[in-house]
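Below: one structure, written as structure tokens.
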Amino acid sequence: MAESNFNAGRNIAERKDDLVKRKRLFLKAYEQWGTVRAACHAVKISRSSYKRWHAEDGEFVKELDEVKVAFAESLEELALERVGLKRAHSALV
């Protein structure tokens, strides 16, 4: 769906609300899938939209950095589970 068609007939406040929602959905998708490509696909946005958000919205970049850390930690936990180290780590805590 082209962004211009999507926004046709919508006022500025509605467009801003939708943009905020799409950014939140993107961040949730990134946390789940861990790549820009997968998050863009899940939210049905173009990579150029993501690049624009990244270039223009410092708060989005900050939140994305936090989501990247969360995803990396989930991968670390999964790796530890697979090699059986999570139980050993849990016993130490």
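The values are calculated or read from the model by the stated rules, or taken from the named source; none is laboratory data. This structure is a prediction, so every number in the text was calculated from the model and none was measured. We place every Cβ from the backbone using ideal geometry, glycine too, and count neighbours over all the protein chains shown. Each accessible area value is taken on the protein alone, full model and side chains, heavy atoms only, with ligands, DNA and RNA left out. Shrake-Rupley method; radii C 1.70, N 1.55, O 1.52, S 1.80 Å.
Regarding Asn7, is this residue open to solvent by less than 30 Å² (accessible area, probe 1.4 Å) and modelled with pLDDT under 95?
The answer is yes for Asn7.
A quick yes/no check of all residues on (1) touching a Leu at 6+ places or on another chain (Cβ under 8 Å); (2) aromatic (Phe, Trp, Tyr):
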{"position": "Ala38", "(1), (2)": "no, no"}
{"position": "Ala42", "(1), (2)": "yes, no"}
{"position": "Ser46", "(1), (2)": "no, no"}
{"position": "Trp53", "(1), (2)": "no, yes"}
{"position": "Glu63", "(1), (2)": "yes, no"}
{"position": "Val69", "(1), (2)": "no, no"}
{"position": "Glu73", "(1), (2)": "no, no"}
{"position": "Leu78", "(1), (2)": "no, no"}
{"position": "Val83", "(1), (2)": "no, no"}
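Is there any pair linking a residue in region 21-49 that is under 21 Å from Glu73 (Cα atoms) to one that is among the basic types (Lys, Arg) and exposed (fewer than 15 other Cβ atoms within 10 Å of the Cβ), with Cβ under 7 Å and at least six apart or on different chains, and which?
What qualifies is Val36/Arg47.
Out of region 25-51, which residues are open to solvent by 30 Å² or more (accessible area, probe 1.4 Å) and not small (Gly, Ala, Ser)?
Leu25, Lys28, Glu31, Gln32, Trp33, Thr35, Arg37, His41, Lys44, Arg47, Lys51
Kindly indicate which of Asp57, Asp65 is at pLDDT 95 or above, of a type in the set (Asp, Glu) and exposed (fewer than 12 other Cβ atoms within 10 Å of the Cβ).
Exactly one of Asp57, Asp65 is at pLDDT 95 or above, of a type in the set (Asp, Glu) and exposed (fewer than 12 other Cβ atoms within 10 Å of the Cβ), namely Asp65.
In this structure, is Arg22 open to solvent by 90 Å² or more (accessible area, probe 1.4 Å), of a type outside the set (Phe, Trp, Tyr) and either modelled with pLDDT under 90 or in a helix (DSSP H, G or I) (or both)?
no
Scan region 55-68 residue by residue and report those that are free of Cβ contacts under 8 Å to residues at least 24 places away in the same chain and closer than 15 Å to Ala29 by Cβ. If you could, list the steps in order and put the result at the bottom.
Filtering region 55-68 for residues free of Cβ contacts under 8 Å to residues at least 24 places away in the same chain gives 55-56, 58-59, 61-62, 65-66.
Once the filter is applied, which keeps residues that are free of Cβ contacts under 8 Å to residues at least 24 places away in the same chain and closer than 15 Å to Ala29 by Cβ, region 55-68 yields only Glu66.
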